[in-house]
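Right, one structure below, let's go through it.
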Amino acid sequence: MDEVIRVNRLTKQFGHTPVLRGIDCAIKATEVVCVIGPSGSGKSTFLRCLNGLEEASGGEVLVHGVSVHEPKTDVDALRSEIGMVFQRFNLFPHKTVLENITLAPTKVRKLTALEARNRASELLIKVGLLDKIDAYPNQLSGGQQQRVAIARALAMQPRIMLFDEPTSALDPEMVGEVLAVMQALAEEGMTMVVVTHEMGFARQVADRVMFIDEGLVIEEGSPAEIFDNPREERTQRFLSKVL
Amino acid sequence: MEQVLWFGWFRADIIAEYGVLFWRGLQMTIMVTLICIVQGTLLGLAIGMARVAESRHSPARAICKYALRWPATVYVSFFRGTPLFVQILLIHFAVLPLFINPSDGLVISGEAARNIKQNYGAFLSGIVALTLNAGAYISEIFRAGIQSIDKGQVEASRSLGMSFPRTMYHVVLPQAFRRMLPPLGNNAISLLKDSSLISAIGLAELAYAARTVAGAYSRYWEPYLTISVMYWVLTLGLAYLVKKLEARYGRGDSR
């Protein structure tokens, strides 16, 4: 299978504090990888290094063979192929749902207003929010906002989707609707890297689970391997707390 | 002209006699203020952007720091840290003659320079000084406005493949602008009032008109009270306009 992301000895420090201490991994096309680990383990930082939102201190990240952290790389072009969904949604509050979704496709992809609108409508149908097309973000619930954020990322027709704890800021009753959208996306064959605390989702949807702690990949494998037979003691300890 | 007394002490006839002077002064004050609001806002935007300019990679990073952030910081510090009155004098009597001078002006010299200096010297100096001063204050408003926008907004926009300038234009500035409206309004009101200082270099605006009248009659209540009321009406009008703008653009910002 096609390898879309390759990470070699990735390190990251904030000041003198090491956050990532040499991460290696490869992610193949259509693969769904869930990244789990205790808070402060570096899993979000790892994800943010994949599209260059966070600068690497050492090592390299290749997306489709292009080095993300190379100064010469056209990082905007690269990012237009990598969708990202944030913990706190980060919808543009001064724009309607429609405008949130069509902004980047019209400005970056040069779609006409009509094309962008059609695409936005299709995506809103997909996430079940077509009736909210003219609403402002502050008129939506958290779960609805996150689904719009997913539609906004998908409107660029990315080849990879990154999710940074997409359900952590949601009220419990809204977690399900967001996970359902993500699961549908996974079933369509989207390549996904998901940092999550939703172990049920990871077990059910992930092709592979990565357990990160203290800036290192401690263990990775199929959901069954990680959740039912963790080899490492640290993985066992973590899972015994969260499961 | 016959003396006209209001309330037994206010010589209204003086104001009427110099009505044209006050009217022209009012026009000049409004014109100078409008020009400086527009130019000061553009300059403030540019300086404000320079103050937040950052880059990760090595050549651009140094350029941002030494060619943008440092000069912008020094500029803002100077114009906020020295009196506007001194700035006006400095620009009128020292800086402008350097550029526009009949004998050896750096930009314009000869007869044209003499002409410009005589007819528009005070106007030019006043506008330059007031614009530079306002630009420094407005840049701080822009900087604070930009920095008050949640970093997640920039990250979301950049992660969609939008470049930094596009992110600024479509995502950050429209949101920052709503928050900047009240301080920008205050600044416009200050600008209107501060324009009276330009009378010191002989620009015929409102304060200058009052001084002329005061000199001619040795009466002070009438001219200065008159322009006080005129300034007051102008600032009230401006405040009303800002309030309207806020009501119109302030919506949709509730995070």
*Looking for whichever is of a type in the set (K, R), in a loop (DSSP other than H, G, I, E, B) and either over 30 Å from A:P105 (Cα atoms) or touching a residue at least 12 places away in the same chain (Cβ under 8 Å) (or both) here; the options are B:R219, B:R179. Which one fits?*
B:R219
*asked:* Restricting to the stretch A:2-23, count the residues that are over 18 Å from A:V68 (Cβ atoms) and among the hydrophobic types (A, V, I, L, M, F, W, C).
replied: 1
*Under 7 Å between Cβ atoms, at least 6 apart or on separate chains: pull out the pairs that start in the stretch B:134-149 with a residue that is acidic (D, E) and end on any residue that is crowded, with 21+ Cβ neighbours inside 10 Å.*
B:E140/B:V76
*asked:* Could you list, ordered by first residue, the pairs with Cβ atoms under 8 Å in which the first is in the stretch A:79-102 and at the interface with another protein chain (Cβ under 7 Å from one of its Cβ atoms) and surrounded by fewer than 23 Cβ atoms within 10 Å (Cβ to Cβ) and the second is assigned to a loop (DSSP other than H, G, I, E, B) and modelled with pLDDT under 95, at least 6 apart or interchain?
replied: A:R88/A:A169; A:P93/B:G252; A:P93/B:D253; A:P93/B:S254; A:P93/B:R255; A:H94/B:G252; A:H94/B:D253
*Can you tell me which residue among B:L106, B:L184, B:L132 is modelled with pLDDT of 95 or more and of a type in the set (A, V, I, L, M, F, W, C)?*
B:L132
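Answer yes or no: is there a residue in the stretch B:161-169 that is in a helix (DSSP H, G or I), touching a residue at least 24 places away in the same chain (Cβ under 8 Å) and within 14 Å of another protein chain (Cβ to nearest Cβ).
Yes, there is a match, as at least one residue in the stretch B:161-169 is in a helix (DSSP H, G or I), touching a residue at least 24 places away in the same chain (Cβ under 8 Å) and within 14 Å of another protein chain (Cβ to nearest Cβ).
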*Which pairs have Cβ atoms under 7 Å, sit 6 or more apart or on different chains, and link a residue in the stretch B:38-52 that is more than 18 Å from B:S77 (Cβ to Cβ) to one that is buried (at least 18 other Cβ atoms within 10 Å of the Cβ) and not aromatic (F, W, Y)?*
B:Q39/B:T131; B:T41/B:I138
*Of the residues B:L184, B:L203, B:L192, B:L197, which is away from chain A (no Cβ under 14 Å), buried (at least 18 other Cβ atoms within 10 Å of the Cβ), not in a helix (DSSP H, G or I) and not basic (K, R)?*
B:L203
*Take the residues of the stretch A:110-139 that are surrounded by fewer than 17 Cβ atoms within 10 Å (Cβ to Cβ) and within 21 Å of B:S163 (Cα to Cα): which is nearest to the other protein chains (Cβ to nearest Cβ)?*
A:K110
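The values are calculated or read from the model by the stated rules, or taken from the named source; none is laboratory data. Note that this is a predicted model, so its numbers are computed, not measured. Reconstructed Cβ throughout: ideal geometry from the backbone, glycine too, with neighbour counts over all protein chains shown.
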